[in-house]
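The values are calculated or read from the model by the stated rules, or taken from the named source; none is laboratory data. No experiment lies behind these values; they were computed from the predicted model shown. Every residue, glycine as well, gets a Cβ built from its backbone with ideal geometry; the counts of neighbours run over all protein chains shown. SASA here: full protein model, heavy atoms, side chains in, ligands and nucleic acids out. Shrake-Rupley method; radii C 1.70, N 1.55, O 1.52, S 1.80 Å.
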Amino acid sequence: MKVRHLFPLYMVILLVGISSCLEDPTPGYTEEEYAVLSETLDLPQENFNYQTVLPSFIPIDNFQQSAEDLQAHNQAATLGRVLFYDKKLSKNGKVSCASCHKQNLAFADDAARSEGFEGRESNRNSLPLGNTIGFETSYGGGSGFSSIAGFGWDDAVEDIQKQSQLAFESEIEMGMKMEEIVDIVTQEEYYNILHNNAFGHTGITKESILDALRSFVNSISSVNSRFDRAVGESPHAIFESSDLALFNASENRGRRLYNNNCASCHSMDQSFTSVAAANNGLDIVSEDLGKASITGQEFDKGIFKVPFLRNIGLTAPYMHDGRFRTLREVVDHYSTGIKNHKNLHRNLKE
């Protein structure tokens, strides 16, 4: 049975459209290599262009890569994409990265807590991967961009490689050791072809596997929504109260409400969050200590990552524990449900 290697989806849902690559191809495989790949995978013979192109109003330069660097990135991202969907990389072959990060849900999960390889629930809701303009930009991603955002609900993981390794080695999620992952990948001829194209004949390693996943995840971007097009036509209005010409009256009214009540943490232009992590008044006392579970500090209790909001209509349920099934419930919480926790963020205090 062939492993389906999904082609990119292009969606325009609420804030943004999501894509995991562009359409321009780059050089791919020899006829011999492609024949071997086609025995198991459903891949195009030429690699997609996985380069991220940012909206025109984002105040940083788009990525500049040489043709050689771009080809290497595209080949690494192709390998990462196959790894991302491969259930063999879990202890019993029942889950993959994509099991908890579903492409049609902006790479989120519609379960409050995702199920791991043995059916046990994870501790927290799976964060979406398709809710940024691109991980390289929004999280830093190792390409020279500075960002206050970290990975995980406790805002504690510094890069995609570490996050991927934690998922592989989690006793709940995938139950593997990286040495086992390397062995499985090395045994497959198609993986050796993909790896050699991406990294040369250097031998498959833990580092190269995690780097490939990083390349793929970094390519997931959300940049072509009506919001992006509307702001692109009126970039001067992004930080102003004036209406956007492409929005109707209801949308502009909602944008004003959002800018006045939500943007102080989540940002106006949907590129970076204004606050990295905060206590948002969910509970006075909670079993999940949030950031304090890492730091042990009293002032970090109940503090969780402030998530990016692109594709928000696809990523329910919401909050670290998935307690809110709808956006209306989220709005109701911020309207009337905020608890006066001692660490409540100042933006939410009356």
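Residue pairs whose Cβ atoms lie under 8 Å apart, separated by 6 or more positions or on different chains, with the first residue in the range 166-185 and without any contact (Cβ under 8 Å) to a residue 24 or more places away in the chain and the second β-branched (V, I, T) and open to solvent by less than 40 Å² (accessible area, probe 1.4 Å), are L166/V157.
Of everything in the range 324-350 that is without any contact (Cβ under 8 Å) to a residue 24 or more places away in the chain and under 25 Å from the mean Cα position of the chain (by Cα), the residue that is most open to solvent (accessible area, probe 1.4 Å) is R328. Pairing each residue of the range 256-281 that is open to solvent by 20 Å² or more (accessible area, probe 1.4 Å) with any residue that is outside any strand (DSSP E or B) and of a type in the set (F, W, Y), provided the two are 6+ apart or on different chains, yields C-beta distances under 7 Å for M268/F239. On the given criteria, is I193 part of a helix (DSSP H, G or I), touching a residue at least 60 places away in the same chain (Cβ under 8 Å), aliphatic (A, V, I, L, M) and farther than 27 Å from A108 by Cα? Judged against the criteria, I193 is a match. On the given criteria, is S242 over 23 Å from M319 (Cα atoms), surrounded by fewer than 15 Cβ atoms within 10 Å (Cβ to Cβ) and modelled with pLDDT under 90? When the stated conditions are applied, S242 passes them.
In the range 102-125, the qualifying residues are those that are open to solvent by 60 Å² or more (accessible area, probe 1.4 Å) and assigned to a loop (DSSP other than H, G, I, E, B), and the one that is nearest to L314 (Cα to Cα) is D110. Count of the range 64-93 residues, restricted to those that are within 15 Å of E180 (Cβ to Cβ) and either open to solvent by 30 Å² or more (accessible area, probe 1.4 Å) or modelled with pLDDT under 95 (or both), is 5.
Considering (1) open to solvent by 10 Å² or more (accessible area, probe 1.4 Å); (2) modelled with pLDDT of 95 or more, the lone condition that L9 does not fulfil carries the number (2). Listed residues V285, V306; which is of a type in the set (V, I, T), surrounded by 14 or more Cβ atoms within 10 Å (Cβ to Cβ) and either under 25 Å from A111 (Cα atoms) or within 22 Å of the chain's Cα centre (by Cα) (or both)? It is V306.
In the range 81-101, of all residues being assigned to a loop (DSSP other than H, G, I, E, B) and among the basic types (K, R), the one that is nearest to E169 (Cα to Cα) corresponds to K91. Scanning the range 162-196 for residues that are touching a strand residue (DSSP E or B) at 6+ places or on another chain (Cβ under 8 Å) and either open to solvent by less than 30 Å² (accessible area, probe 1.4 Å) or among the charged types (D, E, K, R) (or both) yields K162, Y190. Of all the criteria given as (1) open to solvent by 20 Å² or more (accessible area, probe 1.4 Å); (2) in a helix (DSSP H, G or I); (3) modelled with pLDDT under 95, the one not satisfied by S56 is (2).
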